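Colleague: The following block contains the structure, expressed as C-alpha cells.
The values are calculated or read from the model by the stated rules, or taken from the named source; none is laboratory data. Remember, it's a predicted structure, so these values are computed and weren't measured experimentally. Ideal geometry is used to build each Cβ from the backbone, glycine not excepted, and the neighbour counts take in all protein chains shown.
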Amino acid sequence: MSDSVTSTSATITFPYKRSLGPVMSAFMTALTEQRLLGIRSGDRVICPPREWDPDTAADLSDTDLVEVGPAGTVESWCWVATPSSQHPLDHPFAFATIKLDGADTGLLHAVDAGSIDAMSTGMRVAPRWRGERKGHITDVEAFVPGESAEGGGGESAAEPVTMMEYNAAITYTTPITPNEVRAAAANAEGRFLGLRCPTCERIYLGGRGYCPVDSLPLGEEHEVDLPQRGTVTNFTIITPIQYPGQTETDPFARVHVLLDGVEVVVPYQALLDVPVGDVRIGMRVAAMWGDQPQSSGWTAVNLEGWMPTGEPDDDDPNLANRIC
Amino acid sequence: MAARARTSDDIAIIGWNISPMVRKTDKTEAQMLLEAITGAVGDAGITRREVDFTCAGSCDYVAGQAFSFVQNIDAVGAWPPKRDSHVEMDGTWALYEAWVRLLLGDIDVALATGSGRSSTADPNLIYPAEMDPYYLAPLGTDAMSFAALQARALIDSGAVTERQMADIAVRARRDAKGSDYAQVSGDFDADALLATDYVRAPLRKHDLPPITDGACAVVIARADKARELCENPVWITGFAHCSELHYPGMRDLRRADAITSAAKAAGVEEAPVEVAEIQTAFTHEEPLVSSALGLGADTAINPSGGPLAANPIMATGLVRVAEAARAVRDGGKHRTLAHSTSGPCLQQNIVCVMEGSD
Amino acid sequence: MAHQPCAIVGIGQTQHKSRRWDVSLGGMVREAARRALDDAEMDWSDIDAVVIGKAPDLFEGVMKPELYLTDALGATGKPMFRVHTAGSVGGTTGIVASHLVESGRHTRVLAVGYQKQSEGNAQFALGSGKGASLGAGGAFAPYMRGYIQRSGSPLDVGPMVAVKDRKNALKNPYAHLRIEDISLEKVKSSPMMWDPVRYLESCPSSDGAAAVVFTDEAGGRAAAAAGRAPAWILASAVRSEPSQFPGRDPVRPQGAVDCAADIYSQAGITNPREQLDCAELYVPFSWYEPMWLEAHGIAEVNGGWKMVESGETALDGDFPVNMSGGVLSSNPIGASGLLRFAEAAMQVRGTAGEHQVDGAKVAIAQAYGAAAQYFAMWIVASSLDPFAN
C-alpha cells in the first residue's frame, strides 16, 4: 500500500520567541558569562533551575540561584550515531544526564566524546563553551570528557538575557486520497467534481471522503459533475494583516458561491476583476480555471476564482443565509 | 475470584474496532476514524445515533496542522449535534473522560477514539516539541534518546539486560503473528538481533516500535444499557492516571512511581491480572512497567504483540484497552488491564482494569 | 452516587496583555493558579487533580504542554489531564474538571486555561505555517453578514456592543484592552478589517491564563461557612457539529441551540431571560452578542439586537452581558472560555468588584469554537436551589 500513496510534502519552519521569566533569564545570562546556575530548594540544588520545586511546586526565586559545576558526573547516557537536523552536533555524540558538581539533579546535554567507547556511566565531563554566546542552552556547545571547561572567550551579555528564539523545522508528508486525486484531475480539465451521498443526497465538493451527516464513505461511484456558474450569496472584504506567509497586501474579497441548480455552496472564493466596492450579494459568477493543477484538501486549487457573467443580479432576499 | 457485585453505576466496554495498522495510509485521519467508529458501533450492535457522548484523542503536531481534530468530528456522526469533547492525548485518556462522563448517570452510551498518522513526519523531529521548551526542545531531544537514557539507567542498575530486551522483542514479534493488527511480526533469533548495530545505544532496532498509521474506537455503556446491548460486557473496575514531573534528569529513571500510583488507584492489586496490555514501545520499559504495576510472572504481557508490533501514536494506548477487552470477551480471561503512557521516560500514565461478567 | 454537587471556591487570572514578556510559560500559568489557590485558601498539595486547556499547540510551539507544565502546576504524582476543543476549550476544561468532582472521582480539582500568543504568530499557525489564512475574522464575517441581513438589525448594533464591552473592560483590572476614550464614533471610524467587522469590533491577541478551583459539596459549604461565598454549578453541557454541509445554519448553529436547551433543562429554567441575572458569552466579534442571545433563547429570534440597542445588555441594564469586557477586551484563546465561566462564577459569588451586577444569583457562561461548531456552557448560582420559594 505504502508505495502507491500519492502525497504532498511541506517543510514548516515554526518561528517562536519565548520570554524566560526571572529564573531562566538569570540562568541564560550566566551562560553568556560561562557560568552554570542551579537553584536551591530546601537542602538540594536543582539544575537546570526553574521557578518552582518540581516535586512540591513551591515557589523558587532568582535569589535562590547558586553556581554549580562547571564539571559534573554522567548519570546516564545514550549514543546518537546519526544526529538529526535538530541535534546540537552534526557528528555522532552522546546525550547524557549530568549531575553538575554542587547540584542534586541531572542536566541533560550533549557530550562530544568522539566515540561511544569513550563514554561510560560515572565519567567526568565539563562544558565546552561557544566563543559567541547569546544566552541559550546551546551556549554550551557540548560537554567533553574531563574536569576542565574548554572553549569560551568572547563577550558576556551586556544586558540580562530575557528572551530566546526557537525555530524547529519539520517536514510533513500528507497523503492525497484517491478522491482528492480524481477531484484535482477533474479540476485540471476545468471540471468541478461533486460527491452525492446515497442516503441524504446532499452533494459535497469533490475530494471529500465521506458524508459527515450520514457517516458514509464516498467514492468514485458517488461522483457527479457540478455546474460552473452560480450566485454570490455572502462575502467579506478583508484588509490583510501582514504576518509571515501573508501573500496579500491590498483589501480583497472572499465570496460564497451557490452553484446553479444544486445545493452546493463553495465558500471563501476569490472574485476576479471586481473592485472590492462593487462586491454584492446576488452577483452572477462563473468559474475561471487556471493551468496549474495541484491538489490540497477539498477545494479546487486549480480554480483561479470567479468572474462576473454580466447577467442581472439574483434578488432572492434569503441568499445571504446560504453559507454552508 | 469473587468479583464485586455490579451496580447500575458500573460501566462496561461493549464494542471496539482497531483499524488496519500500516506504515503509511492513503486515508485522511477522519477517514480512518470513520471506518473505526463504524466498526466499533457495529461491534456494540448500535448506530452512531445511539451514542450519547463522544471524546477523541489526537495530536496537531502529529497531523502537522492546527485544529486538526476539527475535521475528525465529521467521522463521529455529530448531526444532530452531539455531546463531544477532544483531548490532545492518547485515546485512553479520551476513554477516561467518556467514562467519567457516564459516571454522572444521565446518559448511557459513550464512544472514545484515538487516531494518528505517525507517517506524516520524522518522529525524531516532532517529539522534541513536547519537551521542556527552554532547556530540552532546543537540543532536539527526541523520544528515542530519552528511552535510551532510561534503558541505560535500567541496564546499569541490573534491572534489565540487553539479552532480556532482545528476548522481549522476539516474544512480542512471535505473539504478533496471531494478531490481525500487527505491522511487525515473525520468528526471530535473539542472538541474531543482538548482533545488529545500535540505533541509539543501548537500543537496537528491535528495541524500538515501528512507525504506524492507525486508529481505534471503543464503545462503553452504563450497566443497564450494557446488559441490554451485550451478552458479555467487559466491566471497567478501575481507571486512574498519574504523572511524573517532566524533566527526566530530575527523576530517578529506574523507578516509575506514577505507574504504581495509577495502578493502586485503579485497584490492580485487588486480584490477579491474567493479561496486561501495556504501552511499552521500547523493550526495556516492559520489566519496569510490569513491576511498577505490581504484576507477577503469571500475567501474560502484550499477547497481541503490543506497541513493538504496531504503534499508532495517539491510539496506541486505546488499542491496548481494546486488546485487553478482547482477552476478556473473546479470550475467556477474567481480569485484564491496559496501560498507556505519554511524555519522556514514561512521564504520564493511565491504567484501566477490566473484568468479565462472571 | 451519580452527579454530586460541585462548588467553585477559587478563581484566579493573570493580567492579560498582548505580550507577557515578563513571565515564562510556567510562570504565567502559575500566576493564575496561585491566585485561584489563594482565593480558595488552599495550597498545591490540597489539589487532587489538574485539568489544563488550551488551543493549538502550534501557537506556542510546545506540543502537549501538559507534560512540561505538570510540575509547574503541582501535578507531580497526580492526574494531569489536557483538553482541546478549539475556542470552546476553556469552557470544556471547566466542565471536565467539574465532572471529576461531580462523579465523585476527586474532591478538589484545579482547572487552568492559557494561551501565550506572543510566543508565536497565531495567523501563521492557523495556516499551519503553510501560507496565508483568512483569519478568524474573515471566516466569521459572512456569518455576521447573514445575521444582519436576516434579523434586520441596524448597522450600529455591532459598534454598540463594542462600546459597551470596552467600557466594561475599564472596570476590570485584568482586561487587556483598556480604551479610555471609547465611543460609538471611535469604533465606527476604526478600520473595516473583515467587512462587516471593524478593528474595534474585534478581539485582541492576548497572553494570559485563568484558573478555577472546584470542590465537593462539603468543601463548598465549608467555604461558605468561612465567609468565602462559593458558586454552585447548576448545569453544564457541550455540543459539537460538523463544520460544513448543505443545510447547516452557521448563523444560528443547532449545537448552540441544543446546548442551551440542555442546561436550561438541567437547571429547571423555563424562561432564561427572566431566571438568569446576567450572561458572559464568547463574543470575539461584536455581532456575536445578539447572535448568541438568540441562539441561547435569551432573546427571541431576530430580536437579539433589540436587547443591545435598548441598553438591556449594559452593565447597569436589565440583562447585563459580558460584564468583564469579554473576549473583545482580552483573548488568550485557551483561557478565554474559562474566563467566561469564571466571570459568571465571580458574579454569583459577588466578587466581581467594579463589574459586579448587583444581586446576581444565577449566571450563564458560554464558549464556542472552530467554525461556530463547538459549544460549552454552564449555569452557576449562589446556592444549589436558587429558584426555591
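Colleague: In the stretch A:74-102, which residue that is of a type in the set (Gly, Ala, Ser) and surrounded by fewer than 20 Cβ atoms within 10 Å (Cβ to Cβ) is nearest to the other protein chains (Cβ to nearest Cβ)?
Modeller: A:84
Colleague: Quick one: would you say residue C:97 is touching a helix residue (DSSP H, G or I) at 6+ places or on another chain (Cβ under 7 Å), among the hydrophobic types (A, V, I, L, M, F, W, C), in contact (Cβ under 8 Å) with a residue 12 or more places away in the chain and more than 13 Å from chain A (Cβ to nearest Cβ)?
Modeller: Considered against the rule, which asks whether it is touching a helix residue (DSSP H, G or I) at 6+ places or on another chain (Cβ under 7 Å), among the hydrophobic types (A, V, I, L, M, F, W, C), in contact (Cβ under 8 Å) with a residue 12 or more places away in the chain and more than 13 Å from chain A (Cβ to nearest Cβ), residue C:97 comes out as no.
Colleague: Continuing with this model, one more query. Pairs please, first residue from the stretch A:157-175 and hydroxyl-bearing (Ser, Thr, Tyr), second anywhere and at pLDDT 95 or above and surrounded by 14 or more Cβ atoms within 10 Å (Cβ to Cβ), Cβ atoms under 7 Å, 6+ apart in sequence or on different chains.
Modeller: Hits for this filter: A:162/A:19; A:162/A:20; A:162/A:25; A:162/C:21; A:166/A:18; A:166/B:133; A:166/B:137; A:166/B:138.
Colleague: Find the helices (runs of 4 or more DSSP H) located wholly in the stretch B:66-165 whose residues include 3 or more that are within 8 Å of chain C (Cβ to nearest Cβ) and under 21 Å from the mean Cα position of the chain (by Cα), and list them.
Modeller: Output list reads B:91-103.
Colleague: Hey, among the residues in the stretch B:4-18 that are of a type in the set (Gly, Ala, Ser) and crowded, with 24+ Cβ neighbours inside 10 Å, which one's farthest from residue B:74 (Cα to Cα)?
Modeller: Per the criteria, the residue is B:12.
Colleague: Among the residues of the stretch B:186-226, write down those that are among the charged types (D, E, K, R) and closer than 20 Å to residue B:164 by Cβ.
Modeller: If the condition is that a residue be among the charged types (D, E, K, R) and closer than 20 Å to residue B:164 by Cβ, then B:187, B:189, B:191, B:197, B:200, B:204, B:205, B:207 are the ones that fit.
Colleague: Of all residues in the stretch B:1-60 being assigned to a loop (DSSP other than H, G, I, E, B) and among the hydroxyl-bearing types (Ser, Thr, Tyr), which is farthest from the other protein chains (Cβ to nearest Cβ)?
Modeller: Among those that are assigned to a loop (DSSP other than H, G, I, E, B) and among the hydroxyl-bearing types (Ser, Thr, Tyr), it is B:19.
Colleague: Only one of these is at pLDDT 95 or above, surrounded by fewer than 24 Cβ atoms within 10 Å (Cβ to Cβ) and away from chain A (no Cβ under 11 Å): B:195, B:172. Name it.
Modeller: B:195
Colleague: What are the residue pairs meeting all of these: first residue in the stretch A:70-94, first residue closer than 25 Å to residue A:147 by Cβ, second residue in a strand (DSSP E or B) and acidic (Asp, Glu), Cβ atoms under 8 Å, and 6 or more apart or on different chains?
Modeller: Hits for this filter: A:88/A:141; A:89/A:141.
Colleague: Which members of the stretch A:17-55 meet the condition of being under 30 Å from residue B:117 (Cα atoms) and surrounded by 22 or more Cβ atoms within 10 Å (Cβ to Cβ)?
Modeller: Within the stretch A:17-55, just A:18 meets the criteria.
Colleague: Another question, then. For residues in the stretch C:69-94 being of a type in the set (Gly, Ala, Ser) and more than 7 Å from every other protein chain (Cβ to nearest Cβ), which is nearest to residue C:16 (Cα to Cα)?
Modeller: Here the answer is C:90.
Here is a yes/no grid of residues against (1) more than 30 Å from residue C:138 (Cα to Cα); (2) outside any loop (DSSP other than H, G, I, E, B); (3) out of contact with any strand residue (DSSP E or B) (no Cβ under 7 Å at 6 or more places or on another chain):
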position: C:345; (1), (2), (3): yes, yes, no
position: C:354; (1), (2), (3): yes, yes, yes
position: C:368; (1), (2), (3): no, yes, no
position: C:376; (1), (2), (3): no, yes, no
position: C:379; (1), (2), (3): yes, yes, no
position: C:388; (1), (2), (3): yes, no, yes
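Colleague: Moving on to the next point. Identify, from the list C:218, C:235, the residue that is surrounded by 17 or more Cβ atoms within 10 Å (Cβ to Cβ) and either part of a helix (DSSP H, G or I) or within 16 Å of the chain's Cα centre (by Cα) (or both).
Modeller: When all the criteria are applied, what remains is C:235.
Colleague: Within the stretch A:176-188, does at least one residue satisfy the condition of being surrounded by 20 or more Cβ atoms within 10 Å (Cβ to Cβ), part of a strand (DSSP E or B) and in contact (Cβ under 8 Å) with a residue 24 or more places away in the chain?
Modeller: Among the residues of the stretch A:176-188, at least one is surrounded by 20 or more Cβ atoms within 10 Å (Cβ to Cβ), part of a strand (DSSP E or B) and in contact (Cβ under 8 Å) with a residue 24 or more places away in the chain, which makes the answer yes.
Colleague: When you go through C:45, C:118, C:103 one by one, which is the residue that is among the hydroxyl-bearing types (Ser, Thr, Tyr), at pLDDT below 95 and surrounded by fewer than 24 Cβ atoms within 10 Å (Cβ to Cβ)?
Modeller: Of the residues listed, the single one that is among the hydroxyl-bearing types (Ser, Thr, Tyr), at pLDDT below 95 and surrounded by fewer than 24 Cβ atoms within 10 Å (Cβ to Cβ) is C:118.
Colleague: Next up: When you go through A:70, A:48 one by one, which is the residue that is within 12 Å of chain B (Cβ to nearest Cβ) and in a loop (DSSP other than H, G, I, E, B)?
Modeller: A:48
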